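The structure appears below as structure tokens.
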Amino acid sequence: QVQLVESGGGLVQPGGSLRLSCAASGSGASIDAMGWYRQAPGKQRVLVAIMISGSATNYEDSVQGRFTISRDYAKNTVYLQMNSLKPEDTAIYSCYVLRMGKPYWGQGAQVTVSS
């Protein structure tokens, strides 16, 4: 079983930055992937960024070059650094972990980009 605790959401002006964190309880062993999804109002949940075990990363096209995913293996924590934020980045961001083929989700963090 894996429990995920997210932090770091909030309100930011366009062009600003935020960093999301997601700490996974339990052993980091056998974690296949860690990443972030987001769901904007009235839209489907989409993958924003993911880090596959071994450090391969993949980003959704609209955030490429602005968002960076990273992982602290010692702390079993994944981060999403979000720069140059735009109003269309407004969404609920959820942490995702795939461990031994089973998915786990964080509680979600609201990110609002508005002036």
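The values are calculated or read from the model by the stated rules, or taken from the named source; none is laboratory data. Please read all numbers here as calculations on a predicted model, not as lab measurements. Counting neighbours? That spans all protein chains shown, and the Cβs are built from the backbone with ideal geometry, glycine included. With ligands, DNA and RNA removed, areas are computed over all heavy atoms of the protein, side chains included. Shrake-Rupley method; radii C 1.70, N 1.55, O 1.52, S 1.80 Å.
If only residues of region 1-22 that are over 17 Å from ILE92 (Cα atoms) and at pLDDT below 95 are counted, the one that is most open to solvent (accessible area, probe 1.4 Å) is GLN1. No other residue among THR112, THR57, THR77 is over 22 Å from VAL2 (Cα atoms) and not charged (D, E, K, R) apart from THR112. Among the residues of region 26-53, the ones that are surrounded by fewer than 12 Cβ atoms within 10 Å (Cβ to Cβ) and not in a loop (DSSP other than H, G, I, E, B) come to 0 in all. Residues of region 71-103 that are open to solvent by 50 Å² or more (accessible area, probe 1.4 Å) and among the hydroxyl-bearing types (Ser, Thr, Tyr): TYR73, SER84.
Cβ separations smaller than 6 Å between residues 6+ apart or across chains give the following pairs from region 44-71 residues that are farther than 15 Å from LEU98 by Cα to residues that are small (Gly, Ala, Ser): TYR59/ALA49; ARG66/SER84; PHE67/ALA49; ILE69/ALA49.
If I ask for residues that are free of Cβ contacts under 8 Å to residues at least 40 places away in the same chain and on the phi > 0 side of the Ramachandran plot, which ones from region 27-43 would you list? Listed by number, the list holds a single entry, GLY42.
Residue-level analysis places ALA56 outside the set of residues that are open to solvent by less than 30 Å² (accessible area, probe 1.4 Å) and either in contact with a Pro (Cβ under 6 Å, 6 or more places away or on another chain) or over 19 Å from VAL113 (Cβ atoms) (or both). Of the residues in region 72-103, how many are under 16 Å from GLN39 (Cα atoms), in contact (Cβ under 8 Å) with a residue 60 or more places away in the chain and not hydrophobic (A, V, I, L, M, F, W, C)? Of the residues in region 72-103, 5 are under 16 Å from GLN39 (Cα atoms), in contact (Cβ under 8 Å) with a residue 60 or more places away in the chain and not hydrophobic (A, V, I, L, M, F, W, C).
Within region 3-20, count every residue that is assigned to a strand (DSSP E or B) and touching a Leu at 6+ places or on another chain (Cβ under 8 Å).
Here the count works out to 7.
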